[in-house]
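Every number here is computed from the coordinates shown, using simple stated rules; none is lab data. Source: prediction; values computed, not measured. Every residue, glycine as well, gets a Cβ built from its backbone with ideal geometry; the counts of neighbours run over all protein chains shown.
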Amino acid sequence: MPSMRLFHAPGSPYARIARMAVIELDLTDRVAVEEATLRDPDSVLLPHNPVGRVPSLLLDDGTTITETTPVLMMLDSMADPAKRLLPGPDAPAALAAYGRVLGMIDGIAVWNRELRRPAHERSPGVIALETMRAARVADILERDVAAGGFAARDAAWLALVSCFGYCERRHTMFDWRQGRPSLAALFDAAQPRPSVAQTLPPAGMGSAAPPPPAGRG
Ligand SMILES: N[C@@H](CCC(=O)N[C@@H](CS)C(=O)NCC(=O)O)C(=O)O
């Protein structure tokens, strides 16, 4: 019986990184992955984590770790050292790649949240800023992947696959594949891997979700 609980929401790109990590690190028999509702006063998560965000990892001594990177640190510490996902300061390029993708997810999350507001509450300024940020970072990621980056299956790779998996299914407004063939190829090649295939987010983001472009989804 798993003694730890990883709370997640199926659509969360952050929680997906942690869910993928549990599979990549062979921790499925030690960590139970449980769905939690978000922004819900009755959520199973709140008694353990007042922040109320996923991923959250509840340890067997009652400690709850919140935020993706600390959760990954804990999961890494439980795994075979040869499989560890988080780069250390001795690998600054890998650390930079991981941070860059996390920053991209933050921007996409803000953009997506803005689109889910009623039309009269949306900020065109925020949408314009996040649209530009996402395109700018994705262009650099395309360059990085074309130059051989993201070849290792580390935390940056998990974050990259989760980020664009979110765009692909829940933020279809962003046509991230356009002009980014290396990124698209890396993403497509990742799909059969069990950690990816078993954690696909549901399609759609609610009533404001634009339909995916023809031929996708
Ligand atoms: N900085 C956090 C972000 C996590 C996050 O924002 N998760 C979202 C789901 S994508 C959440 O739990 N939202 C619930 C809320 O904001 O109340 C991390 O790295 O884990």
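Some notes on this structure:
- Global form of the chain, assessed from the alpha-carbon gyration tensor, a/c cut-off 1.5: oblate
- Relative to its Kirkwood radius, the Cα radius of gyration of the stretch 13-114 gives an Rg/Rh of 0.98.
- Computed extension length for ASP106-ALA185: 26.1 nm, one decimal, from 0.36 nm per residue of separation with the Cα-Cα distance subtracted.
- Proximal charge balance of ARG113 [Cβ under 12 Å; K/R count +1, D/E count -1]: +1
- Amide H contacts of VAL33 (H built 1.01 Å from N, under 5 Å, at least 5 apart or other chain): LEU6
- Modelled FRET efficiency - R0 22 Å, VAL44 with MET1, Cβ distances, 0.05 increments: 0.75
- Estimated FRET transfer efficiency when R0 is 25 angstrom, pair THR37-ALA197 (beta carbons, to 0.05): 0.50
- Environment charge at PHE150 (Cβ cut-off 12 Å; Lys +1, Arg +1, Asp -1, Glu -1): 0
- Summing +1 for each Lys or Arg and -1 for each Asp or Glu among the other residues whose beta-carbon sits under 14 angstrom from that of GLY179 gives +1.
- Panel order for VAL51, VAL196, by other beta carbons found within 10 Å of each beta carbon, from fewest to most: VAL51, VAL196.
- For the stretch 1-99, applying the loop criterion from DSSP together with a ceiling of 13 other beta carbons within 10 Å to the trypsin sites (Lys or Arg not before Pro) yields ARG39.
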